[in-house]
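Just below is one structure, and these are the notes that go with it.
Bear in mind these aren't lab numbers, they're just calculated from the coordinates by the rules spelled out. Computed from a predicted structure; not experimentally measured. Quick reminder, even Gly has a Cβ in these numbers, built from the backbone with ideal geometry, and neighbours come from all protein chains shown.
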Amino acid sequence: MAKITVDIYMEAGQWGEERPLRRLAERVTAALFALPHLQGSRAELSLVFTDNAHIRRLNAQWRQQDKATNVLSFPAFAVKAGEQPQALLGDVILAYETVKTEAELENKPLDNHISHLLLHGCLHLLGYDHETAADAAVMEALERDILADLTIDDPYAEVL
């Protein structure tokens, strides 16, 4: 069984109490680390819950995109998709205003959207990406499967 330590930093934004976010994070990471190639892993993950202003600065500094985004991932070590990770995974950072607005526009429960973005960010730390159509198909299939295990609807399904 995998052992994942989740460190949470409530930096900015109207996220509310830490405890519900910790429960979401622990639920998502447990489902993720149930994947066959991750079982038995020991890892530490840092989650930062912030606001649009901070994530915009990070996005400009590290990705040269001067705009807010929903989630950023900063891996501690390079790892290829499907490999065992190092003990320190890295950081996943979410911006409250963007996440909340997206959930509202897509008519999704906020907790489900947060769970999806936490999973998405963690997959980036584990070497998954969506730069090509083939890579996106692999990453999105994993997201769909893991979220389905958590009884969360397909985040990529067409909104009618």
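Charges on Cβ only, +1 for Lys and Arg, -1 for Asp and Glu, centred on the Cα centroid of the chain; of 35, 90, 113, which one is farthest towards the dipole's positive end? Toward the positive end, the furthest listed residue is 90. Peptides 111-117, 127-133, 19-25 ranked from most to least packed give 111-117, 19-25, 127-133, packing being the mean of other C-beta atoms within 10 angstrom over each peptide's residues. Taking the helices alone, the chain has a mean residue ellipticity at 222 nm of -14000 deg cm²/dmol, built from -39,500 (n - 2.57) per DSSP H run of at least 4 residues and averaged over all its residues.
Using DSSP to call loops (not H, G, I, E or B), can you name the GluC sites (Glu not before Pro) in region 15-62 whose Cβ has at most 11 other Cβ atoms within 10 angstrom? Qualifying residues, ordered by number: 17. The simple Förster model, with R0 at 25 Å and r as the Cβ-Cβ distance, assigns residue 5 and residue 134 a FRET efficiency of 0.15. Translational diffusion of region 9-126, estimated by Stokes-Einstein from the Kirkwood radius over alpha carbon pairs at 10 °C in a medium of 1.306 mPa s, is 108 µm² per second. As a rough footprinting exposure proxy, the listed residues 158, 106 were ranked by other beta carbons within 10 Å of their own, and the order from fewest upward is 158, 106.
Packing order of peptides 82-94, 139-151, highest average first: 82-94, 139-151 (average count of other Cβ atoms within 10 Å over each peptide's residues). Taking θ as phi - 60° and the Karplus parameters 6.51, -1.76 and 1.60, the scalar couplings of region 149-156 work out to 4, 8, 6, 10, 4, 4, x, 9 Hz in sequence order, x denoting glycine and proline.
3J(HN,Hα) along region 106-111, derived from phi through the Karplus expression 6.51 cos²θ - 1.76 cosθ + 1.60 where θ = phi - 60°, amounts to 8, 6, 10, x, 4, 4 Hz, with x in place of Gly and Pro.
Each of 55, 4 was scored by other Cβ atoms within 10 Å of its Cβ. Arranged with the fewest first, they read 4, 55.
FRET efficiency for the residue 149 to residue 66 pair, using the beta carbon distance and R₀ = 30 Å, is estimated at 0.20. Of the chymotrypsin sites (Phe, Trp or Tyr not before Pro) found in region 1-85, those that fall in a DSSP loop while having at most 14 other beta-carbon atoms within 10 Å are 77.
What you get for region 1-94, charging only the Cβ of Lys and Arg (+1) and of Asp and Glu (-1), is a dipole of about 180 debye around the Cα centre. Charge dipole (Cα centre; +1 on Lys/Arg Cβ, -1 on Asp/Glu Cβ; no other charges) of the chain amounts to roughly 440 debye.
Couplings for region 137-143, taken from phi via the Karplus curve 6.51 cos²θ - 1.76 cosθ + 1.60 with θ = phi - 60°, read 4, 5, 5, 5, 5, 4, 4 Hz in order; Gly and Pro are left as x.
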